[in-house]
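Taken together, the values in this text are just the output of simple stated rules run on the coordinates, not laboratory data. What you see is a predicted model; the values in this text were computed from it and never measured. Note: ideal-geometry Cβ built from the backbone for every residue, glycine included; neighbour counts use all protein chains shown.
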Amino acid sequence: MPSNVEIKAKVMDPERLRSEATRISTVSGRILNQEDIFFRSGRGRLKLRIFSDDSGELIYYERPDTGKAKKSDYQIHRTARPRELRRVLADALGETVTVKKKRELFITGQTRIHLDEVEGLGAYMELEVVLEPGQTFEEGSRIADDLMRELGVKESELVPCAYCDLIMMKAEQDSSPEAAESAPR
């Protein structure tokens with residue numbers, strides 16, 4: 001199974017990060033609009049990423065939730081019929097949450113730098129160091145840590161979980177009795 005090393009962080013200044021990512025990238029600024037639909041899964045996470053009506057990817061991945069660099073093992077299946085696949089998966093497994101984002105993609109070496117504007121959450125950055133065959137997690141983690149420093153990302157800005165988890169936590173907070181009590185009337 002292919003693997004990468006990932007770091008995710010909240011971005012306080014997207015323009016500064018965009019400037020730094022552009023400076024160090026060999027490929028920069030490609031915009032991708034993505035809708036990720038998550039499905040119930042016995043282990044790991046299963047999502048359908050829809051780019052358009054005729055382009056999508058079914059992605060299964062296993063990754064720990066930690067605020068530091070983490071190894072993600074994944075499998076990807078491309079599809080030209082993502083809406084039909086969504087219906088089948090929803091009927092079979094049930095949907096849990098949808099994440100919509102505008103992603104700006106930068107590439108440096110073996111690393112993808114994503115500057116994401118996530119609907120309902122704000123600006124985030126992901127580093128994905130795509131591990132080469134035989135390359136260790138430790139080597140990938142060093143690359144990610146070096147890039148994090150070069151981009152000016154602080155450890156205090158790191159996020160331990162996936163966007164889908166953040167959206168579900170926000171929905172729970174918004175529907176809590178405390179949130180209802182403090183809502184304007």
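Expressed in nm to one decimal, what extension gain is obtained for the pair Phe137 and Gln75 from 0.36 nm per residue of sequence separation less their Cα-Cα distance?
20.6 nm
Charges only on Cβ, +1 for Lys and Arg, -1 for Asp and Glu: so what's the dipole of the chain about the Cα centre, in debye to the nearest 20?
320
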| said: Using square roots of five times the C-alpha gyration tensor eigenvalues, list the equivalent-ellipsoid semi-axes of the chain in whole Å, biggest first. | reply: 26, 23, 17
| task | Would you kindly calculate the translational diffusion coefficient of the range 66-145, applying Stokes-Einstein with the Kirkwood radius from alpha carbon pairs, for 37 °C and a viscosity of 0.692 mPa s, and quote it in µm² s⁻¹ without decimals? | result | 214
| said: How high is the relative contact order of the chain? Use alpha-carbon pairs under 8 Å, at least six apart in sequence, and give a whole percent. | reply: 29
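Okay, helix-only estimate at 222 nm for the chain: each DSSP H run of n ≥ 4 adds -39500 (n - 2.57), divide by all residues, round to 500 deg cm²/dmol; what do you get?
Helices in the chain give a 222 nm mean residue ellipticity of -9000 deg cm²/dmol.
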| Arranged from highest to lowest average of other beta-carbon atoms within 10 Å per residue, in what order do the peptides 96-106, 61-71 appear? | 96-106, 61-71
| For Glu155 and Val88, FRET efficiency with R0 = 30 Å and r from the beta-carbon atoms, rounded to 0.05? | 0.15
